[in-house]
Amino acid sequence: MKKLIQTFKNIWSIDELRSKIIVTVALLFTYRLGTHIVLPGINPNLLANAQANASKNGLLGLFDTFAGGAFSQASILALGIMPYISASIFMQLMTILVPQLQKVQKEGDSGRKKINQWTRYLTVIVTAFQASAYVAYLNGPGYAEAIIPAYKSFFALSTIVTLTAGTLFVMWLGEKIQDKGLGNGTSIIIMIGILSRLPQALIQEFGAKQARGGGGLLIFLIEMAIFVAIIMGIIILVQGVRKIPVNYAKQIVGNRQFGGARQFLPMKVNMAGVMPIIFAQAIMFLPTLFTFTESGKGIAKVFGDHSNFWYMVVYGVMTVAFTFLYTALIFNPKQMGDDLKRNNGFIPGVKPGQPTSDYIGAIMDKITLPGAIFLAFVGILPGFAQRLGVTSTFSSFFGGTSLLIMVAVILDTLQLIETHLMMRQYDGLMNSGRIQGRQQPISTASV
């Protein structure tokens, strides 16, 4: 406890770090305040039943989790940061697939600024499209009764404009956190939205177990122990790396010797982050749209139930497949082999050039398989938890996208804090070892 208090004192004594923390907390408080402001033309007193249905509705429930409940509350920030995430993912894939965009990206800082500006323009288009769909959703059962009759003629236009402005405002908050705060703003906003629902989920789960009578408290304590164990497993998944030894040839220039150092090339076990889970969830949601036939209704029922056996099997297989696909898109062993050769680096026992690229690719395939299987297992854990009697709200924290993003972003933030401490000759946050994060923002490594 004494070391913990001293660590907090060290953190607060660094002016730059203290300023970053204060700015981050202030901007996040502004975001959370905005999630509770209801759209113009809606009576907030008539939203209770609709909110309960929205939070349990497949992919819409996932959006509601990422938006911190703003989606089901019909808030001005209902769409949150997700349109920007969608635009970022699309632009990232395009920079991999389109040679012209690859050239722009390689232009350095100016190229990145161009791509960021195009991403913002695309965000406006995506937000306007999603806002139109959200207006149609609000005109459906549950929310339609909450719309004030005198405002119906203006409701569609005002809602689209408000939601678009709200998403751009959240995007601006994320960029400000990135520039003047602590960590990746987009990732932290998503993490705060997910984390804001955890206390309510714990209270509901505790109340449900207490209502069962004898043994309910013991079951709740066992669930919490399993929850902590799952978090520890996800930390291992996020931080797990395979280190490939790399030697650099010695070079003598004048009286000085350069190179000759032995380093390691870290290969992450989960290179794709949470992107495979997000892709799999999006594909699994599509069958739920085909409800116009009896067979379609049966398929929609299966794919709309996260605890269904066949849902979990198909979901797990798709997660493994998308892990290999996305890793192949973002990981280029040939480029790594060429970079090593250009910098006079080599892997002991492996010839430079193409053999090195083949060796790195083979290592990546070997560590991706167990990482993909574990990622798929984490993805279907909420379904297992729900089948074992955990409430639907709390079961979503037993794995899946929510817990992965939450753990990864917290590790990233702690790593940044530890870096500030180590730069000023303070001890780190841990007695031994260093905290390792994803090293990449949510839109490019996890979503």
Within the stretch 179-206, tally of residues that are surrounded by 13 or more Cβ atoms within 10 Å (Cβ to Cβ) and not in a loop (DSSP other than H, G, I, E, B):
18
In the stretch 102-136, which residues are among the aromatic types (Phe, Trp, Tyr) and surrounded by 18 or more Cβ atoms within 10 Å (Cβ to Cβ)?
134
Take the stretch 223-244 and flag every residue that is more than 19 Å from the chain's Cα centre (by Cα), surrounded by fewer than 16 Cβ atoms within 10 Å (Cβ to Cβ) and assigned to a helix (DSSP H, G or I).
224, 225, 226, 228, 229
Residues located in the stretch 129-150, provided they are part of a loop (DSSP other than H, G, I, E, B) and hydrophobic (A, V, I, L, M, F, W, C)
148
Tally, over the stretch 128-171, of residues that are over 14 Å from residue 79 (Cα atoms) and of a type in the set (Phe, Trp, Tyr)
4
Cβ pairs under 6 Å, 6+ apart, first in the stretch 360-380 and touching a residue at least 24 places away in the same chain (Cβ under 8 Å) and more than 15 Å from residue 239 (Cα to Cα), second hydroxyl-bearing (Ser, Thr, Tyr) and assigned to a helix (DSSP H, G or I)
376/319; 379/319; 380/315
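Conditions tested, residue by residue: (1) β-branched (Val, Ile, Thr); (2) farther than 23 Å from residue 379 by Cα; (3) outside any helix (DSSP H, G or I); (4) in contact (Cβ under 8 Å) with a residue 12 or more places away in the chain.
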residue: 306; (1), (2), (3), (4): no, no, yes, yes
residue: 310; (1), (2), (3), (4): no, no, no, no
residue: 313; (1), (2), (3), (4): yes, no, no, no
residue: 319; (1), (2), (3), (4): yes, no, no, yes
residue: 327; (1), (2), (3), (4): yes, no, no, yes
residue: 337; (1), (2), (3), (4): no, yes, no, yes
residue: 341; (1), (2), (3), (4): no, yes, no, yes
residue: 348; (1), (2), (3), (4): no, yes, yes, yes
residue: 352; (1), (2), (3), (4): no, yes, yes, yes
Which of the residues that make up the stretch 238-277 are modelled with pLDDT under 75 and either over 24 Å from residue 351 (Cα atoms) or not hydrophobic (A, V, I, L, M, F, W, C) (or both)?
250, 251, 253, 254, 255, 256, 257, 259, 260, 262
Looking at residue 155, is it more than 30 Å from residue 116 (Cβ to Cβ) and in contact with a helix residue (DSSP H, G or I) (Cβ under 8 Å, 6 or more places away or on another chain)?
yes
Just to be sure I understand the filter: pairs with C-beta atoms under 7 Å, separated by 6 or more residues or on different chains, first member in the stretch 263-279 and touching a residue at least 24 places away in the same chain (Cβ under 8 Å), second member among the aromatic types (Phe, Trp, Tyr). Which pairs pass?
271/331; 272/326; 275/326; 276/322; 276/326; 279/322
Among the residues of the stretch 162-211, which ones are in contact (Cβ under 8 Å) with a residue 24 or more places away in the chain and β-branched (Val, Ile, Thr)?
162, 164, 167, 170, 177, 186, 188, 189, 190, 192, 194
Within the bounds of the stretch 37-50, is there any residue that is in a loop (DSSP other than H, G, I, E, B), at pLDDT below 80 and either buried (at least 20 other Cβ atoms within 10 Å of the Cβ) or more than 20 Å from the chain's Cα centre (by Cα) (or both)?
yes
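The values are calculated or read from the model by the stated rules, or taken from the named source; none is laboratory data. Note that the coordinates shown come from a computational prediction; the quantities given were computed from them, not determined experimentally. Note that each Cβ is placed from the backbone with ideal geometry, even for glycine, and that neighbours are counted across all protein chains shown.
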